[in-house]
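The structure that follows is given in the form of structure tokens.
The values are calculated or read from the model by the stated rules, or taken from the named source; none is laboratory data. Note that this is a predicted model, so its numbers are computed, not measured. All Cβ positions, even for glycine, are placed from backbone atoms using ideal geometry, and neighbour counts span all protein chains on display. The area values use the complete protein model at the heavy-atom level, side chains included, leaving out ligands, DNA and RNA. Shrake-Rupley method; radii C 1.70, N 1.55, O 1.52, S 1.80 Å.
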Amino acid sequence: MTSKPVIFISCGQCTREEKQLGQSIRDLIHELRPDLEPYFAETQSSVHGLSQHILNALYKSAGFICVMHHRGDVSSKEKAHHITRGSVWIEQEIAVVSFMEHILKRSIPILFYKEADVGLEGIRSVLLLNPQVEFNSNEEILNDLRMKLPNFPAIPHLEYALHPIVGFECEFESEDLHLYQLVVNVNNNGSKKIDDFEIRVFFPREFIDQNITYGHKDYTKATKTHDCFILRSTEHQKYGLYPNDSLQFPINIPYFVNHTLFDSESMNKEVEIKIYSSHFSVIMEKRTMKEISNF
């Protein structure tokens, strides 16, 4: 594995043509998307190889390219019909990715290609997994990938990741005055619990009522132009954040906007949110006062 986002190539290897297709997809990713790392498991056949390489690559994948070739017809004794079955191995890899999406809440972009006449069965029968192309030749897949890969959105998997969630609510509204509440939360988008983090919100001072005592306000970190509000996990989220969890009690900052402020350059000033942790570099997000006001 490299530091690049991994694109998992799920493609049959029963024939020389199928193996060549998987290799061609890998080469195409190298050519069109050098920012990504393709993974095509050509030699993993042992249980150790499965657990240590294939499942690990699936778990860390930032994208999934799946090619379903037919594997023959299967008849039912109870019903007078038959179905053209796809690769059982590919069906299993689809099931793993579906589990990560629906249970682990991982967003994994998928490009799915199905050979014509392959039936709908297994977990695919309950998923909205529509093929990009129902192909008769491998060249149809490569032609479609040449169009799709340049804009293919890869979403890298991270063990430690906090995503800021910023919103505001208008609590009072008159002709001359609006009162708002800024809500700053974080969501753990990673795969591991995060015990140590600190959220700092720097808010333009002229929009804050200085006669009110605010929770989370930290005078030692204030700047000449901005008040600072801090939430530390050691004080307010002592047990940390588990994957997919958000803060139970986010930062709430009351502020106001009046006509004088609305007609001034102050509306271009920014609220700055910074998230610190020993597990990752500083995460920063900004909002102008115009963006958090509907005056």
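Restricting to region 270-286, what's the tally of residues that are touching a residue at least 12 places away in the same chain (Cβ under 8 Å) and open to solvent by 60 Å² or more (accessible area, probe 1.4 Å)?
6
Any residue in region 52-60 that is within 28 Å of the chain's Cα centre (by Cα), modelled with pLDDT under 85 and outside any helix (DSSP H, G or I)?
Checking region 52-60: at least one residue is within 28 Å of the chain's Cα centre (by Cα), modelled with pLDDT under 85 and outside any helix (DSSP H, G or I).
Still on this model: Filter region 91-116 for residues that are modelled with pLDDT under 80 and part of a loop (DSSP other than H, G, I, E, B); which is least open to solvent (accessible area, probe 1.4 Å)?
It comes out as 106.
Checking the structure you have, find out if any residue of region 221-228 is of a type in the set (Gly, Ala, Ser), touching a residue at least 24 places away in the same chain (Cβ under 8 Å), in a loop (DSSP other than H, G, I, E, B) and more than 28 Å from residue 105 (Cα to Cα).
The initial filter retains those residues of region 221-228 that are of a type in the set (Gly, Ala, Ser), namely 222.
From what is left, the residues that are touching a residue at least 24 places away in the same chain (Cβ under 8 Å) are none.
Within region 221-228, none of the residues are of a type in the set (Gly, Ala, Ser), touching a residue at least 24 places away in the same chain (Cβ under 8 Å), in a loop (DSSP other than H, G, I, E, B) and more than 28 Å from residue 105 (Cα to Cα).
Of all residues in region 213-245, how many are modelled with pLDDT of 90 or more, open to solvent by less than 50 Å² (accessible area, probe 1.4 Å) and farther than 17 Å from residue 271 by Cα?
2
Residues are listed down the side, and each one gets a yes or a no for (1) more than 27 Å from residue 62 (Cα to Cα); (2) open to solvent by less than 80 Å² (accessible area, probe 1.4 Å); (3) at pLDDT below 95; (4) touching a Ser or Thr at 6+ places or on another chain (Cβ under 6 Å):
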residue	(1), (2), (3), (4)
152	no, yes, yes, no
162	no, yes, yes, no
173	yes, no, yes, no
179	yes, yes, no, no
183	yes, yes, no, no
186	no, yes, yes, no
191	no, yes, yes, no
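Considering every residue within region 12-19, establish whether at least one is surrounded by 15 or more Cβ atoms within 10 Å (Cβ to Cβ), under 22 Å from residue 107 (Cα atoms) and at pLDDT 85 or above.
Looking only at region 12-19, we keep the residues that are surrounded by 15 or more Cβ atoms within 10 Å (Cβ to Cβ), and these are 12-13, 18-19.
With under 22 Å from residue 107 (Cα atoms) added as a condition, the list becomes none.
No, every residue in region 12-19 fails to be surrounded by 15 or more Cβ atoms within 10 Å (Cβ to Cβ), under 22 Å from residue 107 (Cα atoms) and at pLDDT 85 or above.
Hey, can you tell me all the residues within region 242-295 that are in contact with a strand residue (DSSP E or B) (Cβ under 9 Å, 6 or more places away or on another chain) and among the β-branched types (Val, Ile, Thr)?
Of everything in region 242-295, those that are in contact with a strand residue (DSSP E or B) (Cβ under 9 Å, 6 or more places away or on another chain) and among the β-branched types (Val, Ile, Thr) turn out to be 251, 253, 257, 271, 273, 275, 282, 283, 288, 292.
Which pairs have Cβ atoms under 7 Å, sit 6 or more apart or on different chains, and link a residue in region 197-210 that is crowded, with 18+ Cβ neighbours inside 10 Å to one that is hydroxyl-bearing (Ser, Thr, Tyr) and part of a loop (DSSP other than H, G, I, E, B)?
202/223; 204/225
Right, something else. Test residue 282 against the criterion of being in contact with a His (Cβ under 7 Å, 6 or more places away or on another chain) and of a type in the set (Val, Ile, Thr), and give yes or no. Give the steps one after another, and end with the answer.
Details: in contact with a His (Cβ under 7 Å, 6 or more places away or on another chain): no; of a type in the set (Val, Ile, Thr): yes.
Considered against the rule, which asks whether it is in contact with a His (Cβ under 7 Å, 6 or more places away or on another chain) and of a type in the set (Val, Ile, Thr), residue 282 comes out as no.
Okay, moving on. Of the conditions (1) free of Cβ contacts under 8 Å to residues at least 12 places away in the same chain; (2) touching a Cys at 6+ places or on another chain (Cβ under 7 Å), residue 213 fails just one. Which one is it?
Of the numbered conditions (1) free of Cβ contacts under 8 Å to residues at least 12 places away in the same chain; (2) touching a Cys at 6+ places or on another chain (Cβ under 7 Å), the odd one out for residue 213 is (2).
Of all residues in region 253-268 being touching a residue at least 12 places away in the same chain (Cβ under 8 Å) and open to solvent by 70 Å² or more (accessible area, probe 1.4 Å), which is farthest from residue 202 (Cα to Cα)?
Step one: list which residues in region 253-268 are touching a residue at least 12 places away in the same chain (Cβ under 8 Å), which gives 253-259, 261-262, 266-268.
Within this subset, residues satisfying the condition of being open to solvent by 70 Å² or more (accessible area, probe 1.4 Å) are 259, 262, 268.
Details: 259: 23, 262: 19, 268: 14 Å.
Among those that are touching a residue at least 12 places away in the same chain (Cβ under 8 Å) and open to solvent by 70 Å² or more (accessible area, probe 1.4 Å), it is 259.
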